[in-house]
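This report refers to the structure that appears directly beneath it.
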Amino acid sequence: RGWWFSGPGTFEAGEAAAAPAGLEESLSAVAAALAEHGPFDGLLGFSQGAALAAMVCALRARGDPRFPVAFAVLVAGFASRAPAHGHFYREPIALPTLHIVGDTDAVIAAPLSRELARCFVEPVVLTHPGGHFIPAAAAQKKAYLEFLERFCAGQGQ
């Protein structure tokens with residue numbers, strides 16, 4: 001699904017949409033899913049879903065009770081270019097995140113994902129040589145486990 005649209009029925013990650021549509025409905029859908037199916041420790045977002053999850057992280061870091069998560073894993077994420085979404089990125093987002101960046105991603109270019117990571121306080125960034133997918137090689141699995149172990153009962157936060 002599209003979480004918001006930069007034009008009528010379309011979406012482009014690098015586009016600075018003057019009037020993006022659909023974000024509030026998507027945030028409400030995420031909040032409802034967390035309430036109905038939770039509790040969840042964290043979020044996993046891919047591509048535009050990672051961009052939305054980053055916005056959820058910003059709201060959570062500011063104390064929004066609709067989003068009770070402790071961390072996020074953001075794969076091929078990016079910061080929305082829409083001026084209406086700028087408030088999500090004005091302050092550093094203080095929620096632990098793992099950002100997965102594909103060096104050859106032709107859909108969400110690596111610099112866009114790195115830019116999103118810089119919006120967070122102490123982000124963990126995992127770069128892989130591939131494109132627009134979730135890598136599953138042994139090295140990446142090890143990095144995922146190391147990040148997630150911080151949130152296991154009795155460890156870390």
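Structure data summary
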| item | result |
| --- | --- |
| Cα gyration tensor shape of segment 65-114, rounded if a/c is under 1.5, else prolate or oblate by comparing a/b with b/c | oblate |
| Between segment 33-87 and segment 94-157, the alpha-carbon center distance in angstrom | 14 |
| Relative compactness, segment 23-149, computed as alpha-carbon Rg over 2.2 N^0.38 Å | 1.00 |
| Sum of side-chain charges, Val125 neighbourhood, beta-carbon under 14 Å (Lys, Arg +1; Asp, Glu -1) | -3 |
| In Hz, Karplus ³J(HN,Hα) per residue of segment 54-63 (6.51, -1.76, 1.60; θ = phi - 60°; x = Gly, Pro) | 5, 5, 4, 4, 4, 5, 4, 4, 8, x |
| Cβ-based exposure ranking for His132, His37, His99, His87, in which fewest neighbours within 10 Å come first | His37, His87, His132, His99 |
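FYI, it's all coordinate maths here, none of it is from the lab. Predicted model, so just to flag it, every value in this text is computed and none were measured. Every residue, glycine among them, receives a Cβ derived from its backbone with ideal geometry; neighbour counts consider all protein chains shown.
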